[in-house]
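Encoded as structure tokens, the structure appears first; notes follow it.
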Amino acid sequence: MTTAPADRPRPGPAVFAPWDEPDAVPLIQFKNVTKRFGDFTAIDDLTLDIYTREFFALLGPSGCGKTTMMRMLAGFETPTEGKILLSGQDIAPIPPNQRAVNMMFQSYALFPHLSVWENIAFGLKREGKDKDTIRARVDEMLRLTRLEKFASRKPHQISGGQRQRVALARSLAKAPKLLLLDEPLGALDKKLREETQFELMDIQEKTGTTFVIVTHDQEEAMTVASRVAVMDEGKLIQVATPPVIYEQPNSVYVADFIGDVTIFEGTVRKDGEHYRLDWAEGQPPLRVRSPASLRDGQTAYVAIRPEKVEIHHNRPDDHNVLRGKVVDIGYLGNLSTYHVELPGGRMIRAQNFNTERDTRQPFTWEDEVWVNWTETCGVLLER
Amino acid sequence: MRRFALIAVPYLWLLALFLVPFLIVLKISLSDIALSIPPYAPTLDLSAGWEGVRSFFAGLDFENFVFLTQDDLYWKAYLSSVWIAAVSTVITLLVGYPIAYGMARAAPEWRPTLLMLVILPFWTSFLIRVYSWMGILANEGFLNMVLGWFGIPPLQILATNTAVYIGIVYTYLPFMILPIYATLERMDESLLEAAEDLGCSRLTAFWLVTFPLSRGGVIAGCFLVFIPAIGEFVIPSLLGGSDTLMIGKVLWEEFFSNRDWPVASAVAIVLLLILIVPIVLFQRNEQKQREAA
Amino acid sequence: MRRFSWFNVTSLTFGFAFLYLPMVLLVIYSFNASKLVTVWAGFSTRWYGELLRDEQFMDAAWVTIRVALFSSTLATVLGTLAAVVMIRAGRFPGRTLFSGMIYAPLVMPEVITGLSLLLLFIGIGLDRGIFTVVLAHTTFAMCYVSVVVSSRLATFDTALEEAALDLGCSPFEAFRLVTLPIIAPAVISGWLLAFTLSLDDLVIASFTTGPSATTLPIQIFSSIRLGVSPQINALSSLLIGVVAIGVIAASLATKRRAVTQAREEQAAARVTG
């Protein structure tokens, strides 16, 4: 994992990257964990370390096993094989009500018969703390989540965003070592979701709690997380920081799952400093720089992000130049996405920032255009 | 015009066959018994014009109600009806709650079948369900036969209040189970996981989360048993003894055996007055449930 | 995941044993050759034969069926009308009284309903018989029908009716062609409920009938007052059997319909998708 410090999502005095330090002790360790439900294998021989103060995202489509991992951490499921360690201790024998782990439920699971205040105090009362301690802690949580005004309301008397914050406050009240968030923002609308993402990051930093979030929303994972684990069919595909996941995906699956991408399939051959990918009869090969070592003649893929593809009226003097025709334009305000059809019917997407305040589009339907990208922009993938 | 007809048909039907009869009961409860046909006085004589109406109202009084307070048979019957209904309601709750809970926690593919099994007795005759206990509780019945195998001396249960309790619990049990099941089944299971996650054992999670959340169903179930049980006639007359006092039975006997229509009507009016409180409370609970849902 | 719980299994087992054991015993002993309740004297269908030869019971059964058919049909029409009025007619003078009159019979003790109707029939000089019982049963059953139908109507999407009006239906046609077919299951279960209530009723029928029309419950009641009788056991078993077959058949039919529908939806999805 080699990323420049400037790529780090979290600016701070020291770079936060315990996963790069060889002697850092992980908070959570999954050791060859397998979980089966009958014939169905939800988690398949999975090993993973998560470190203290991390904001770790489990990302994947529904049914990929991310929720099962979270429920095993909370204690609602036990692994069929393998071990899960929390601070070096096997947590299998500890029932959910005695774990220093709390969970924020997807449905929030707020107790409808209790007020906001009583919901937040619920876990503290179970610990048998004295009244003053509980009151002080609940008030602190209400302040943290800006809910002071709603303390005496019932859950059905507040808005969706407020409910989300109550659920967060309730699960944080016991100051768990680890907080699990199951699709925490899934029920909110887009604008509120974006605001709340930053609030979550803020709260995570203030409390210094380790967060593990489960989500199927790649944008959300990229925004909030220090590291993202992309999962599919019970396996980890890639675990890395968001910039690495985006710019250096390790597979077509990851490249395709995160963001927009055009993928060319072909055979590869080494040519000095770089590789060439022959992808279609009569088309120039694609040039790509890559640290990977591939055999000549091997099947490989080049993935290229639309924002790295330039679009021109005249042929530019560069490598990776393809001729095509604009068939579709998606105007998004700040940028436009062009769907360009290459000879032979292949589609490639190119994005242009609309930096000029001009109502006319620089390119329009049926325009004959040239697209190109530099040899460092494409990503060469083996699978 | 069509809308008017639409409203008028059911409206007039209910006025004629529900409200008017009820007003007649009220009127007769204020009349005196008479040895004539109909066996009460006064009767409204419209042929005498205004004078007839005036003498009709002058003839009405609260004598029958005063009589109810004087004869201790009546207030004892009211009290004992309320008592028997209340005790039976509590027992029904204790029997019904675990069943409703077990149903709501059963595998989802089993629930429709279990629900059908609870509703099925509804469709069989009430009379037959009460009757089935006569064979069990009789002195030479099944229960005493089974007790006999274990050397336990026979019990006299039929024709006592115990038999009435059993009968009410048995016949009204579905009324208790269904509303409780409905609230439990609706409950989000992640609430229980959240409670466990926050440090509850399973038993405390039940008392702090499950039970409070099923309260609406419990209250509804209790009223659904309590209200009809007060006015019950079939169960006390088949399973109860001659000393089992329930107001429905008293009213029946007052009417059919003593043929004292005015007193029977007064008994009915007082019974309704007693029922108003639980009915209003029940309606309020239903309202609250609807708002919460 | 669901955890297996001994507590739940035990409470369900005992609960359903309590609900069904009395009826099972009743059915078993209806085949007892002996007249005594607990003495098993061998299998026999003797009591069924005696029952079918008993004219009093057969007459009563016939009266009951006629009363139930008439009153439940009438109650379904009136109850559906009342439900439409409650949900759709908006505000009109006396609406509160109307809804009160619909809900009150549901909580009214049967003895009072019976008594009040009897006093009415005597007051207007109506001869008591099948006709008066039908009137009485219609009145209290229509309230049950109206509750069943109105709860379905309350969740009915009015946009469907508006679409029908938009496509040229008169309001009555819209109701007949769109609303009624959709709420039909509720109307049918309302009818079934009314039919069962009428079959089952002892108290109201006792008050409102005359000597010419003895219904089955009245006949049963007068004979079991004296104690357990094997003939009644046979009759009860027949009634229980009819109900059990009916309910099981209905639930199987519903299940089959759900399965077919799911299969058709799948097939359709494969064709279009």
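The values are calculated or read from the model by the stated rules, or taken from the named source; none is laboratory data. All of these numbers come straight from a predicted model, not from anything done at the bench. With ideal geometry, Cβ positions are generated from the backbone for all residues, glycine too; neighbour counts draw on all protein chains shown. Only protein heavy atoms, including side chains, enter the accessible area calculation; ligands, DNA and RNA are left aside. Shrake-Rupley method; radii C 1.70, N 1.55, O 1.52, S 1.80 Å.
Summary of values
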quantity: Kirkwood Rh and Cα Rg combined as Rg/Rh, the range A:260-381; calculated: 1.00
quantity: Whole-number D in µm² s⁻¹ for the range B:70-292, Kirkwood Cα-pair radius fed into Stokes-Einstein, 10 °C, 1.306 mPa s; calculated: 81
quantity: Partners for A:Lys174 among lysines (Cα-Cα distance below 20 Å; same-chain residues under 8 apart left out); calculated: A:Lys125, A:Lys129, A:Lys131, A:Lys206
quantity: Lys, Arg +1 and Asp, Glu -1 on Cβ, resulting dipole of the range C:54-220 about Cα centre, debye, nearest 20; calculated: 420
quantity: Stretch gain in nm, segment A:Glu118-A:Arg323, where the contour uses 0.36 nm per residue and the Cα spacing is subtracted; calculated: 67.3 nm
quantity: Cα convex hull of the range C:171-273, projected area averaged across orientations, nm²; calculated: 11.4
quantity: Column: log10 I(q)/I(0), Debye, Cα scatterers of the range A:25-253, q = 0.10, 0.11, 0.12, 0.16 Å⁻¹; calculated: -0.45, -0.55, -0.66, -1.14
quantity: Protection proxy ranking, peptides C:133-139, B:114-120, B:197-203, average beta carbon neighbours within 10 Å, highest first; calculated: C:133-139, B:197-203, B:114-120
quantity: 14 Å Cα-Cα reach of A:Lys177 towards aspartates and glutamates, excluding residues that sit fewer than 8 places from it in its own chain; calculated: A:Glu54, A:Glu205, B:Asp197
quantity: Kirkwood Rh in Å, taken over the range A:171-317 so that all alpha-carbon pairs contribute; calculated: 18.3
quantity: Cα radius of gyration and Dmax for chain A (Å); calculated: 24.5, 79
quantity: FRET efficiency for C:Ala268 and A:Ile263, using Cβ-Cβ distance with R0 set to 45 Å, rounded to 0.05; calculated: 0.85
quantity: Listed residues A:Phe198, A:Leu342, A:Pro316: farthest to the positive end of the dipole of chain A (Cβ charges); calculated: A:Phe198
quantity: Exercise: per-residue mean of other protein chain Cβ atoms within 10 Å, B:135-145; calculated: 4
quantity: Sites A:Asp39 and C:Leu238 - FRET efficiency at Förster radius 45 Å, r taken between beta-carbons, to 0.05; calculated: 0.40
quantity: Segment A:Leu85-A:Thr364, length gained on full extension (0.36 nm per residue, minus Cα span); calculated: 94.7 nm
quantity: Range of Cα positions in the range A:318-383 per principal axis (Å), largest first; calculated: 41, 24, 24
quantity: Stokes-Einstein D for the range B:137-214, Kirkwood Rh over Cα pairs, 20 °C, 1.002 mPa s (µm²/s); calculated: 134
quantity: Relative contact order for the range A:25-253, counting Cα pairs under 8 Å that sit 6 or more residues apart, in percent; calculated: 29
quantity: Choice from A:Glu307, A:Glu54, A:Glu21 with maximal GNM fluctuation in chain A (Cα, 10 Å cutoff); calculated: A:Glu21
quantity: Accessible area expressed per residue, the protein assembly as shown, with surrounding protein chains retained (probe 1.4 Å, Å²); calculated: 48
quantity: Convex hull volume of the range A:208-268 per residue (C-alpha atoms, cubic angstrom); calculated: 101
quantity: Cβ neighbours within 10 Å from other chains - mean over C:131-138; calculated: 1
quantity: Helix C:230-272 axis, angle to chain C major axis (alpha carbon atoms, nearest 10°); calculated: 30
quantity: Kirkwood hydrodynamic radius (C-alpha pairs) into Stokes-Einstein, the protein assembly as shown, 20 °C and 1.002 mPa s, D in µm²/s; calculated: 62
quantity: Neighbourhood net charge (12 Å Cβ-Cβ; Lys/Arg +1, Asp/Glu -1) for C:Gly210; calculated: 0
quantity: Extension gain (nm, one decimal) between C:Ala184 and C:Phe18, 0.36 nm per residue minus Cα-Cα; calculated: 56.3 nm
quantity: Alpha-carbon gyration tensor eigenvalues x 5, square-rooted, for the range C:164-211, Å; calculated: 38, 12, 5
quantity: Shape box of the range C:54-220 [Cα atoms, principal axes, largest first, Å]; calculated: 59, 36, 25
quantity: C:Leu252 paired with A:Glu140, simple spin-label distance in nm, labels 7 Å along Cα-to-beta-carbon; calculated: 6.5
quantity: Two-site label geometry, B:Trp83 and A:Thr47: point separation in nm, points 7 Å out along Cα→Cβ; calculated: 7.6
quantity: Spin-label model distance (nm) - A:Glu194 vs B:Arg215, 7 Å beyond Cα toward Cβ; calculated: 4.3
quantity: Amide proton proximity set for A:Ile237, modelled H, under 5 Å, gap of 5+; calculated: A:Val230, A:Met231, A:Asp232
quantity: Relative packing of B:3-12, C:114-123, which averages over residues the other C-beta atoms within 10 Å, highest first; calculated: C:114-123, B:3-12
quantity: Residue list for the range C:90-115, given a label point 7 angstrom along the Cα-to-Cβ vector of B:Val20 and an amide N cut-off under 20 Å; calculated: C:94-95, C:97-105, C:112-115
